[in-house]
């Protein structure tokens, strides 16, 4: 149920993860299509935070509606309004509560009803007694009916092999349209689960063709600073764009990447010259801020910055070694003046950090002799 719908709320400074689904709330005899927020601490926001038990009361009272009467009037927060004619729904209060409980388990990384069912199935397959089959069947039927088809994660077979397995030869599945389970159908289900077990056993050993998704090195944070002169061992301070490491681009030498960036951004040539000779990167920024940017600058700035960073680390091998020493770490760049270049506590876009990672990757490729650059 979580899918990609991730949200959160803060409680006492703690971030509580959550997700949401659509629901109808009945207020004053009118129905409102809204979002039902479900959080990992077991609270549900249905126009007010409630516990799961209080949520069940809201369902029984009709405040959270799973059925709508013919002729009911509804709206979607002033986006639209309509009147229902012959409404149909497959949702029930019991089903919605079961889905909510599953979602809370998922948000906490605990086995939900599907996880508990599959564990019971594994227990049965290891020791195929009727008692253990009955336990697997009960666990399967405890999955909300709306979620059973997704239990195996197989959108071709859906829950077919599962409902046959727990019914057993001669048994009846929970679907009235299914015929009694034949021995052939049961053997096919057993074969399906045996193959599935082999695939699951091999899966941890598989290596992604393109390598890991996440970094193995701890994240590196480049704090906002005001370096005004080079030092013998700058460490990660040397990775800052305002660190005084002169670069030459198209026969012009700039005191730092920041000087070059702000000079190239200025629309007036005389301002560019003044920026080049500014005492500090902060002074360069102030001069640039007082004049208009070049036309189309906002669309070109990341390309310009990429070129300037390449020049810096090509022309300063010692700084390149400092960048390479960050391994594959995520680079978090603080910039109090810009939410575009800085991460700024998760509120910015961190383009400076991302471009440093790109240039680092290019340096690694060059060192390894990998062609393509």
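Coordinate-derived values only; no laboratory data. None of the values given here were measured: they were computed from a predicted structure. Reconstructed Cβ throughout: ideal geometry from the backbone, glycine too, with neighbour counts over all protein chains shown.
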Quiz prompt | Pair residue 197, residue 219: separation of 7 Å Cα→Cβ label points (nm) | solution = 4.2 nm
Self-check item: Theoretical ellipticity at 222 nm over the chain - DSSP helices of four or more residues, -39500 (n - 2.57) apiece, nearest 500
Solution: -12500 deg cm²/dmol
Exercise. Specify whether the C-alpha gyration tensor of segment 113-205 places it in the rounded, prolate or oblate class, a ≥ b ≥ c being the square roots of the eigenvalues: rounded for a/c under 1.5, otherwise prolate if a/b is larger than b/c and oblate if not.
Key: rounded
Quiz item: What residue among 251, 321, 130 has the largest mean-square fluctuation in a Gaussian network model of the chain, using Cα springs under 10 Å?
Solution: 251
